[in-house]
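**Student:** Here it is: the structure, laid out below.
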Amino acid sequence: MLQKQSQIKWQHFERVPAWILPYQYRNWVLDSGSLTKRLIDCSHNNFAVRVIFQGWSVPRLDERKALAIAPRQKALVREVELLCHGKVWVKARSIIPASTLTGAERRLKVLGDRPLGAFLFKSRAMRRSALEVCSFISSEKQRIYGRRSIFLLHQKPLLVGELFMPHVFQSDAGTA
C-alpha cells in the first residue's frame with residue numbers, strides 16, 4: 001500500500017521547486033506527452049495495464065473540487081497499474097464524471113485493460129490543464145512522486161493522477 005490516497009497533497013506551481021521535485025525526476029513527472037507511449041517505447045512493447053478497480057463511486061473531496069462535482073455525485077473511478085516487463089512502474093487513478101461519458105467518450109466505460117492514455121492522446125479534441133504534483137513517503141518508506149491533471153475531451157473533463165514508482169527513475173529508460 002502506498003498511502004491513503006486521501007492524504008496525498010496535490011500542489012500546482014508556476015515553477016516546481018527542487019525540494020518538491022528534484023531535477024533528475026522531472027523528465028518523467030513533468031513530461032507533457034503520452035505516458036502510455038513513453039512506457040511502451042521504454043519497455044520495447046513489453047507493456048500492460050492491470051485494472052485494479054473500475055466502477056461507480058463518489059470521488060474524494062480533492063477530486064470533486066478539481067472537477068467541480070457535487071458532494072454525493074458518483075463518477076466512474078478507474079484505478080490501474082501500468083506495467084513494464086511485468087513490474088509496476090506507475091499507479092494511476094482516473095475520475096470520469098457521468099456527464100463526460102457521452103458521445104465518442106462513452107467508450108471510456110469499456111476500456112478494460114486498454115490504456116486510457118492511448119484514447120486521450122489519439123483525440124484531436126483533447127486539451128490538458130496544468131499539472132499538479134505531489135511527493136510523499138510510502139508505507140514502504142520509499143519516496144513517491146506523482147502528477148495529475150484534468151483532460152478535456154470536447155470540453156468534457158476527466159481527472160487523471162499518476163504515481164511513479166521509484167525504480168522508474170533508476171532504470172535506463174528514466175533518461176529516455
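Rule-based calculations on the coordinates, nothing more; no lab input. Because the structure is a prediction, the values reported are computed rather than measured. Neighbour counts are summed over all protein chains in view; Cβ atoms, including those assigned to glycine, are modelled from backbone coordinates with ideal geometry.
**Student:** From the cross-link list Lys65/Lys156; Lys74/Lys109; Lys87/Lys122; Lys65/Lys141; Lys9/Lys122; Lys9/Lys91, which pairs have alpha carbons spaced over 20 Å apart?
**Tutor:** Details: Lys65/Lys156 15 Å; Lys74/Lys109 14 Å; Lys87/Lys122 26 Å; Lys65/Lys141 29 Å; Lys9/Lys122 30 Å; Lys9/Lys91 16 Å.
Among Lys65/Lys156; Lys74/Lys109; Lys87/Lys122; Lys65/Lys141; Lys9/Lys122; Lys9/Lys91, the Cα-Cα distance tops 20 Å for Lys87/Lys122; Lys65/Lys141; Lys9/Lys122.
**Student:** Would you kindly calculate the translational diffusion coefficient of segment 111-171, applying Stokes-Einstein with the Kirkwood radius from alpha carbon pairs, for 10 °C and a viscosity of 1.306 mPa s, and quote it in µm² s⁻¹ without decimals?
**Tutor:** The diffusion coefficient I find is 119 µm²/s.
**Student:** Let me ask something else. For the chain, what does the helix formula give at 222 nm: sum of -39500 (n - 2.57) over DSSP H segments with n ≥ 4, over the residue count, nearest 500 deg cm²/dmol?
**Tutor:** Numbers: 5 runs with 31 residues, N = 176.
Taken over the chain, the calculation gives -4000 deg cm²/dmol.
**Student:** Find the all-direction average of the projected area of the Cα convex hull for segment 37-175, expressing the result in square nanometres with one decimal place.
**Tutor:** On the way: hull surface 34.8 nm².
Over all viewing directions, segment 37-175 projects a mean Cα-hull area of 8.7 nm².
**Student:** Just need the relative contact order of segment 37-175 here, percent rounded to a whole number, with Cα pairs under 8 Å and 6+ apart.
**Tutor:** Numbers: 247 pairs, mean separation 31.4, N = 139.
Over segment 37-175, the number comes to 23 percent.
**Student:** With +1 on each Lys and Arg Cβ and -1 on each Asp and Glu Cβ, how big is the dipole of the chain about its Cα centre, in debye rounded to the nearest 20?
**Tutor:** 540 debye
**Student:** Could you list Leu159, Leu152, Leu108 so that the one with the fewest beta carbons within 10 Å of its beta carbon is first and the one with the most is last?
**Tutor:** Details: Leu159 25, Leu152 16, Leu108 19.
By the 10 Å Cβ count, ascending, the order reads Leu152, Leu108, Leu159.
**Student:** Once Lys and Arg get +1 and Asp and Glu get -1 on their Cβ, which of Ala18, Phe119, Ser139 lies farthest toward the positive end of the dipole of the chain?
**Tutor:** Phe119
**Student:** While we're here: What is the order of Phe13, Phe151, fewest Cβ neighbours within 10 Å to most?
**Tutor:** Numbers: Phe13 12, Phe151 22.
Fewest to most other Cβ atoms nearby, the residues stand as Phe13, Phe151.
**Student:** Let me ask something else about it. Would you give the gap between the C-alpha center of segment 1-60 and the C-alpha center of segment 134-169, rounded to a whole Å?
**Tutor:** Answer, in whole Å: 3.
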